[in-house]
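The structure appears right after this line, and notes come after that.
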């Protein structure tokens, strides 16, 4: 037995060494549903996962302190303090196109790779955009609420045709172009404002690039599809809304903070806007869970925005959906597959869709 002891010892040591070298990358997944867990488990063989249904800020840091990677959605805010508390962090994979919920400068300093999902559902968000437009243009939401109470009167339900109207798209990227394509199918004229212009695409789809002032003054429907950053914060404010064609609709399926909520309420009260369709709200994370809100302290400005959002929810001329424009079966699957591939490619040393 003693003869074999050294051999057994070395075999055990080699096995431990092999297991260490081939251990899975420790990745913490946040805001995941059961079906997403199963999909990630089946796909990511080189990952040692831990799953949370809550956001990063709702989970005790001790639960993922040794994570080498984080996989998050839009409600998980990775501040510089959160990032600093994770010494092993190498990768952040967001299951979204936007990454304004991540402190990218802090990641840059730490040389943490940040990857996103640049394309998953341009048509998906565009279709939801038109769902909001049609709901407002034809008073579908109001008619539905009326009929479920056995009231079939048509009073105050008269809408308007989209044919012959003008849509103004702020942010003519992939989603914005899909919105324009659908609008043209409805017989609408289309205008676009964007810092980048593609004359060839404009000619093919039959729309015009115009200055912001012309778009605001000429559009019956204004739809926002711009990314959120410092330059686009409150791109729709009181000054902007004062230049809008009276009676227009405002649609936002991009980011809530593109719109100054106080200014939006003013425009609705004054009849500047006929209505608003909002899949996103400024400070919408506060609407997610009341208990979470009560456990934290917020500035007066943030709490005012919370109250204003409550005011929007009570209005008949506003349709609000819960950041659901992306959420089709097909788009959700594309998000999971792209995210899994992003993580696999990072582990293999060939990262893709890198934003930092």
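Mind listing the Cα extents of the range 166-210 along all three principal axes, in Å, largest one first?
Its Cα atoms span 26, 18, 18 Å along the three principal axes.
Note down the nm distance, to one decimal, between modelled labels 7 Å out along Cα→Cβ at residue 337 and at residue 156.
With each label placed 7 Å out from Cα toward Cβ, I get 4.7 nm.
With a 10 Å radius around each residue's Cβ, average the other Cβ atoms per peptide and rank 121-132, 208-219, highest first.
121-132, 208-219
How fast does the range 122-325 diffuse by Stokes-Einstein, in µm²/s, taking the Kirkwood radius from C-alpha pairs at 37 °C and 0.692 mPa s?
188 µm²/s
Once fully extended, how much extra length lies between residue 43 and residue 311, figured as 0.36 nm per residue of separation less the alpha-carbon to alpha-carbon distance?
92.1 nm
Kirkwood hydrodynamic radius (Cα pairs, Å) of the range 224-356?
16.9 Å
With axes computed from alpha carbons, what is the tilt in degrees of helix 174-185 against the longest principal axis of the chain, rounded to the nearest 10 within 0 to 90?
It works out to around 40 degrees.
Using the Kirkwood radius built from alpha carbon pairs, what does the Stokes-Einstein equation give as D for the range 167-265 at 20 °C and 1.002 mPa s, in µm² per second?
Value of D from the Cα-based Kirkwood radius: 160 µm²/s.
Need the C-alpha centroid separation for the range 60-78 versus the range 202-231, integer Å.
36 Å
If you line up the long axis of helix 5-21 against the longest principal axis of the chain, both from Cα atoms, how many degrees apart are they, to the nearest 10?
Roughly 20 degrees, rounded to the nearest 10.
Two decimals is fine: what's Rg over Rh for the chain, C-alpha atoms, Kirkwood radius as Rh?
Using Cα coordinates only, the ratio equals 1.07.
At residue 233 and residue 269, where each label point lies 7 Å from the Cα along Cα→Cβ, what is the point-to-point distance in nanometres?
Modelled inter-label distance: 2.4 nm.
Over the alpha-carbon set of the range 108-191, work out the extent along each principal axis and list the three values in angstrom, largest first.
62, 32, 18
Take residue 212 and residue 300, extend 7 Å from each Cα along the Cα→Cβ direction, and tell me the distance between the two endpoints in nm.
2.8 nm
Provide the gained length on full extension for the span residue 34 to residue 84, in nm with one decimal, where the gain is 0.36 nm per separating residue minus the Cα-Cα distance.
15.1 nm
On a 0 to 90 degree scale, rounded to 10, what angle separates helix 34-43 from the longest Cα axis of the chain?
The two axes meet at around 50 degrees.
Take peptides 254-262, 318-326, 102-110 and line them up by average Cβ neighbours within 10 Å, highest first, as a rough protection proxy.
Result, highest mean first: 254-262, 318-326, 102-110.
Here, each number is a calculation from the coordinates, and none is a lab measurement. It should be emphasised that the depicted structure is a prediction, and the values quoted were computed from it without experimental measurement. Note that we place each Cβ from the backbone using ideal geometry, even for glycine, and neighbour counts take in every protein chain shown.
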